[in-house]
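Below: the structure, in structure tokens.
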Amino acid sequence: MPDRIRTERLVLRAPCRADISAIATLADNRKIHAMTTLPYPYSQQDAEAFVETFARSEAEHAYAIALPDDELIGMVGLHLDPGADPEIGYWLGEPYWGRGYATEAVGALLDAARRTGHCTTLRAKARSENAASRAVLEKLDFRYVGETVSGCGSHKDVPVASYELTKSFGTP
Ligand SMILES: CC(C)(COP(=O)(O)OP(=O)(O)OC[C@H]1O[C@@H](n2cnc3c(N)ncnc32)[C@H](O)[C@@H]1OP(=O)(O)O)[C@@H](O)C(=O)NCCC(=O)NCCS
């Protein structure tokens, strides 16, 4: 995957220590927690652990989503589980919702994954009630494959919609 991905309005780049404060501020949001695995409250220490340990690891390949002046607005990434298809995840700070940024960032990550030629299928999950996230996935041609119930974490027993994207994958 490339180090940096540019889109019309955004830059996707590796998260770094300078992002910790902005991540801690934006991610400390009950509405984001309700739709993701991010904890609430979300502390400075959570942001530090994310940047220093998890963001770029065997299990995760995350990109900070930034405006052209490098203001951080959210995060998008691939969760990597050996033997399973990569799963895409994302969140934006609430002040930046509703402007098409998630669709632009996720779409760019899909294109980059496609260009590697190694990725035949991408998966994504969203809480069934998460209409905005489902709209993002559907605009990017993810196919709904069914509903399950989450089995762990703070959102146990919550209905979750699963999606997959296979179209055009594996052909660089
Ligand atoms: C989900 C999230 C990333 C969307 O970000 P965003 O930049 O606002 O998304 P976009 O503007 O690219 O697209 C959102 C789409 O959802 C639609 N939408 C928003 N709220 C909706 C609702 N309640 N019902 C139906 N559609 C809705 C918008 O109209 C838009 O579609 P359009 O472009 O066709 O009009 C953002 O709301 C977020 O971070 N939420 C909290 C964390 C989260 O849910 N992460 C995803 C976990 S699976």
Which distance in nm do the two modelled labels at E8 and T120 give, with both placed 7 Å along the Cα-to-Cβ direction?
3.4
Which aspartates and glutamates, on any chain, are close to K139 with Cα under 12 Å apart, when same-chain ones fewer than 8 places away are left out?
E104
For D157, placing the label point 7 angstrom along Cα-to-beta-carbon and taking the stretch 22-65, residues whose amide nitrogen sits under 14 Å are none
By a straight-distance test (C-alpha under 14 Å), which aspartates and glutamates pair with K31 as possible cross-link partners, with residues fewer than eight away in the same chain excluded?
E94, E129
Report D for the stretch 5-165 in µm² per second (integer): Stokes-Einstein, Kirkwood Rh on Cα pairs, 10 °C, 1.306 mPa s.
99
With point charges of +1 on the Cβ of Lys and Arg and -1 on the Cβ of Asp and Glu, referenced to the Cα centre of the stretch 5-165, which listed residue (A131, Y63, C16) lies farthest in the positive direction of the dipole?
A131
Sort 97-106, 113-122, 146-155 by the packing proxy (mean of other Cβ within 10 Å over each peptide's residues), most packed first.
97-106, 113-122, 146-155
To the nearest 20 Debye, how big is the dipole of the stretch 5-165 about its Cα centre, given +1 on the beta carbon of each Lys and Arg and -1 on that of each Asp and Glu?
300
At 1.4 Å probe size, with every protein chain present, just tell me what the per residue accessible area of the stretch 5-165 comes to in Å².
51
Structure-based [θ]222 nm, the chain - -39500 (n - 2.57) summed over DSSP H runs of at least 4, per residue, nearest 500
-7500 deg cm²/dmol
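The values are calculated or read from the model by the stated rules, or taken from the named source; none is laboratory data. In this text the structure is predicted, and so the values were computed from the model without any measurement. All Cβ positions, glycine included, derive from the backbone under ideal geometry; neighbour counts span all protein chains shown. For the accessible areas, the whole protein counts, side chains as well, though only heavy atoms, and no ligand, DNA or RNA atoms are used. Shrake-Rupley method; radii C 1.70, N 1.55, O 1.52, S 1.80 Å.
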